[in-house]
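Remarks on the structure that follows.
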4 protein chains.
Amino acid sequence: MHVKKKRETKVLQTICPDSKGLIAKITHICYEHKLNIVQNSEFVDHLTGRFFMRTELEGIFDNVALLADLEKTLPIGMLQKLHTVRRQRIMVLVTKEAHCLGDLLIKTAYGDLDAEIVAVISNHNELGNLTERFDLPYHFISHEALNREQHEQQLITQIDHYHPDYIVLAKYMRVLTPTFVTHYPHRIINIHHSFLPAFIGARPYHQAYERGVKIIGATAHYVNHCLDEGPIIMQDVINVDHSYTAENMMLAGRDVEKNVLSRALSLVLAQRVFVYGNRTIIL
Amino acid sequence: MHVKKKRETKVLQTICPDSKGLIAKITHICYEHKLNIVQNSEFVDHLTGRFFMRTELEGIFDNVALLADLEKTLPIGMLQKLHTVRRQRIMVLVTKEAHCLGDLLIKTAYGDLDAEIVAVISNHNELGNLTERFDLPYHFISHEALNREQHEQQLITQIDHYHPDYIVLAKYMRVLTPTFVTHYPHRIINIHHSFLPAFIGARPYHQAYERGVKIIGATAHYVNHCLDEGPIIMQDVINVDHSYTAENMMLAGRDVEKNVLSRALSLVLAQRVFVYGNRTIIL
Amino acid sequence: MHVKKKRETKVLQTICPDSKGLIAKITHICYEHKLNIVQNSEFVDHLTGRFFMRTELEGIFDNVALLADLEKTLPIGMLQKLHTVRRQRIMVLVTKEAHCLGDLLIKTAYGDLDAEIVAVISNHNELGNLTERFDLPYHFISHEALNREQHEQQLITQIDHYHPDYIVLAKYMRVLTPTFVTHYPHRIINIHHSFLPAFIGARPYHQAYERGVKIIGATAHYVNHCLDEGPIIMQDVINVDHSYTAENMMLAGRDVEKNVLSRALSLVLAQRVFVYGNRTIIL
Amino acid sequence: MHVKKKRETKVLQTICPDSKGLIAKITHICYEHKLNIVQNSEFVDHLTGRFFMRTELEGIFDNVALLADLEKTLPIGMLQKLHTVRRQRIMVLVTKEAHCLGDLLIKTAYGDLDAEIVAVISNHNELGNLTERFDLPYHFISHEALNREQHEQQLITQIDHYHPDYIVLAKYMRVLTPTFVTHYPHRIINIHHSFLPAFIGARPYHQAYERGVKIIGATAHYVNHCLDEGPIIMQDVINVDHSYTAENMMLAGRDVEKNVLSRALSLVLAQRVFVYGNRTIIL
């Protein structure tokens, strides 16, 4: 019996050592597979001799054969991933602040961000009401009376229950251990309320106030083992002046934080972000 | 007798109707010519079904054979240009304001803009002194006692004497006729002191003041037959407030104007700007 | 019987012809009334010889005596308003797009915008669900089968029922007649989805796409009798490039629109915006 | 014999503990002295209870009597300075990069910055040619074969010969000792090529590249005893992406550096910048 295959859109991500003819070879294999290139972007990092390519393909896919053809033709050391373009599932972690969560709720509800929030988890109960207004599950997992490992184990259990594609820290104000981070490699995205690497750590707006800066900002980044030091995806800033207290900065910064987070997420969800060392290549 | 050919860097610009396998075909031909792709960028305009590609190539070129191979393989209607990467010659036209000219003089003198200013032409004599400080020829061609055609004919004669690649209107405050513009197709770049299409025409800062806007800007664009309506290359803005008079805006706007002009020029000189209808594609 | 008066915070707005000693006279009267100046800002428009001052005062107010003392001492032609600082009531008008309304709902619910949304009115029913998630009344007043005057009369009746301080057009996509506008002088705030005066009227993102601009923006302004020509309060922009269709611009522009609208509202609600002719002075 | 006094414009800067009636008292004394207030701005730092006011006055001044009247009336601990508005003298220190110096030369020559460059000093001779094109003295004071103190002593001798109002470090790439800094209190302005406090110290663009940031910037600040930690006057940023090497960032950053430096200088020269602790208040 025959199953008629459907046309699909997929993203092929390639990272490998640079060499002559790579674009020709990869695109030729796609052509032989009768796949149409909707959009192609590549970047060669001449400092490290590394080649990056994002190929958005449309057609009827034979994944196994395609990847085998690529592997056969291309140099050793090539990394390739073929992502099916579909609505991604995201798990949102929060503490008490509503602005990032609120923005994600509105955007996913009205199609401005192509993702599904599967649930919200918090170590506080303040945002349960907001989450439930959007008919989504809210899990209050208090960190009180638990050590860090115990708390994270409860988080992991709850998160894994939903099989999310990404974990979004939408002002989740607790530091995560390497154990937790390792469990979700390149799948945790955080919004930090400063233009990193300025003002790492706690209370960045208070640090900014103390230093007397004239711009404040926000940074969306992948979470790795070092606090606030993962690969940066997106940053933006706004001007402030002497009349801003740390509280005024915090309030003004909220729009920047939520915008940077949701724009970074859009890029990640569209498979446009390549992580290479501690840097991102966005194609 | 044999002339040993040298390795060179060239930019291949391709514009054509989109069709399957274009990237594969073009890059394959480059590969067969043993040319290394330093950087490749492409864009498909799905609304008009048009394909744009900029390929920066390095190697030993046989221009005629390369272009013939491309023409043979590729669909009818393809436009291809092969630019040798070299220092371009620019002719600067000014009226009385020093900031854009001054910036171009410093940048070309110190290598921050990879171009050679071959001469400066003005309908006034105010900027002769500045130009000569940089040991460059300054031609004062007054428009007084001449009709527009006569004046432009004198400009053309003087310009053509230098064989420039581009004509840069660095606050040249006279409208050019279609005759003049047609003489230099896609080779005249203007800086307009507003974020177009707002405030077309004369005294845009005064118009901005009258309208009470909170941002002002500048636009670098190719000059076509319609005043201030050519394809836009680059725009930028700054914030203003109620305390700015039109004169304050003019002063504050100067840094934006000169930055936008020189950044636009960098893109043009690197053969990164494709003109398509009234739009630019920057690859 | 005696009523003990409470300490309050009020904002005194002064607009008058400039003359010597104005600041001294006004602040001296405040001092005599034992009022503390929390914040004072002034601006002299030297082009029109006009003086503007915003004085935030704290203490026990005798409004009648204070205004009488000011009137007695100061030149003829002075306009003064004394606003009690309190949570303002806003009525939100929308059509179908959720982003501005959603942002206002979240911000007012969580204290990031110091205002109370009294109700939402729309000529469509799409956003009823969102409004009701926040337990606020939603009035669907269709414009179908009504002429413009009839429809606006129904709006006015519904609006006036709530006695709002301000009417916020949060992507309300119908043109309002002078009759409606006159009914709420300097009390209607609109968000327009372009950096005015570029792209007045319908479908500004499509106009922007056609023109090939490299920046798009949004403008919050008071509504007056001329479409999109009222006094501008706040503007902001973002960069776009050739890869943006009109739809991509629309999506990217939403964050700008909602940020500009809520920042403009903050200024208006804090009595920091003075309207003078077709301009705003923000103190 | 009588000397007829001329009308002048002066700036009165006041810093003192906040107390009731300060604005009224100060402006009343100005009024009694028949001085017209061209522009007045004040700021109360409610966290530290400190009052700042900048009063631009126009009229016939009796400096001694005015300051005595202010001192008599106002609380103890008040600091007041009365600056005559005149073209300030600046001494520019550079190393090898031309962009900031070039911008200052053009701007002072054409009136876009209201200052006189009295001379340029460098520890290298690369920029002598540029300086002399503008008919200004260039002093090449090599640091070779000298210890830091000896070199700075030669700088001080040369600088003091010109009696400048401000010392501008326009990409002067040597660290200054506290001895030098103390010699010119609040009179040395530096441009640092990062958005401080990120990337303090050497090679900030290389640090930025390593960290993979998506924005780079520049900071103009007063120089104090701690490297790159003086009060910030102005900051600005631009976006970068993965395609920027450290060298590309350096090139792109130059326009930001020069703009930030000259805008900061404008504010300082207009006596609009108050230093308070490690912060600036800009009125």
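The values are calculated or read from the model by the stated rules, or taken from the named source; none is laboratory data. Keep in mind the model is a prediction, meaning the values are calculated, not measured. For neighbour counting, all protein chains shown are included, and Cβ atoms are generated from backbone atoms with ideal geometry for every residue, glycine included. All accessible areas refer to the heavy atoms of the entire protein, side chains included, with ligands and DNA or RNA removed. Shrake-Rupley method; radii C 1.70, N 1.55, O 1.52, S 1.80 Å.
Observations on the model:
- Matching residues, region B:125-167, being within 14 Å of chain D (Cβ to nearest Cβ) and not acidic (Asp, Glu): B:LEU127, B:GLY128, B:ASN129, B:LEU130, B:THR131, B:ARG133, B:PHE134, B:LEU136
- Selected residue (criterion: farthest from A:VAL260 (Cα to Cα)) from residues of region A:180-197 that are of a type in the set (A, V, I, L, M) and in contact with a Ser or Thr (Cβ under 9 Å, 6 or more places away or on another chain): A:LEU196
- Within region B:260-273, the residues that satisfy the criterion of being open to solvent by less than 30 Å² (accessible area, probe 1.4 Å) and touching a residue at least 60 places away in the same chain (Cβ under 8 Å) are B:VAL260, B:LEU261, B:SER262, B:ALA264, B:LEU265, B:VAL268, B:LEU269, B:GLN271.
- Within region D:192-211, restricting attention to residues that are crowded, with 22+ Cβ neighbours inside 10 Å and within 12 Å of chain A (Cβ to nearest Cβ), the residue that is farthest from D:THR245 (Cα to Cα) is D:LEU196.
- Among (1) over 26 Å from A:ALA252 (Cβ atoms); (2) out of contact with any Phe, Trp or Tyr (no Cβ under 8 Å at 6 or more places or on another chain), the one test that C:ALA208 misses: (2)
- Test: C:SER19 is modelled with pLDDT of 95 or more and under 19 Å from D:TYR31 (Cα atoms): no
- Output for region D:257-272, where each listed residue is closer than 12 Å to D:ASP114 by Cβ, of a type in the set (Gly, Ala, Ser) and in a helix (DSSP H, G or I): D:SER262, D:SER266
- The residues of region B:189-214 that are among the aliphatic types (A, V, I, L, M) and within 19 Å of C:PRO204 (Cβ to Cβ), listed by number, are B:LEU196, B:ALA198, B:ILE200, B:ALA208, B:VAL213.
- Out of C:ALA246, C:ALA252, sole residue that is of a type in the set (A, V, I, L, M) and either in contact with a helix residue (DSSP H, G or I) (Cβ under 6 Å, 6 or more places away or on another chain) or in contact (Cβ under 8 Å) with a residue 60 or more places away in the chain (or both): C:ALA246
- Count of region C:224-255 residues, restricted to those that are farther than 25 Å from A:ILE106 by Cβ and either at the interface with chain B (Cβ under 10 Å from one of its Cβ atoms) or open to solvent by 30 Å² or more (accessible area, probe 1.4 Å) (or both), is 11.
- In the set (1) touching a helix residue (DSSP H, G or I) at 6+ places or on another chain (Cβ under 7 Å); (2) surrounded by 14 or more Cβ atoms within 10 Å (Cβ to Cβ), A:ASN123 fails one condition alone, (1).
- Flag if B:HIS143 is within 23 Å of B:VAL175 (Cβ to Cβ) and surrounded by fewer than 19 Cβ atoms within 10 Å (Cβ to Cβ): yes
- In this entry, C:ALA98 passes the filter for residues that are more than 18 Å from the chain's Cα centre (by Cα), among the aliphatic types (A, V, I, L, M) and within 15 Å of C:GLU257 (Cα to Cα).
- When residues of region B:274-283 are limited to those that are part of a loop (DSSP other than H, G, I, E, B) and surrounded by fewer than 19 Cβ atoms within 10 Å (Cβ to Cβ), the one nearest to the other protein chains (Cβ to nearest Cβ): B:ASN278
- Residue identified as of a type outside the set (Val, Ile, Thr), touching a residue at least 12 places away in the same chain (Cβ under 8 Å) and either in contact with a Phe, Trp or Tyr (Cβ under 6 Å, 6 or more places away or on another chain) or closer than 30 Å to A:LEU251 by Cβ (or both) among A:ASP62, A:ASP69, A:ASP103: A:ASP103
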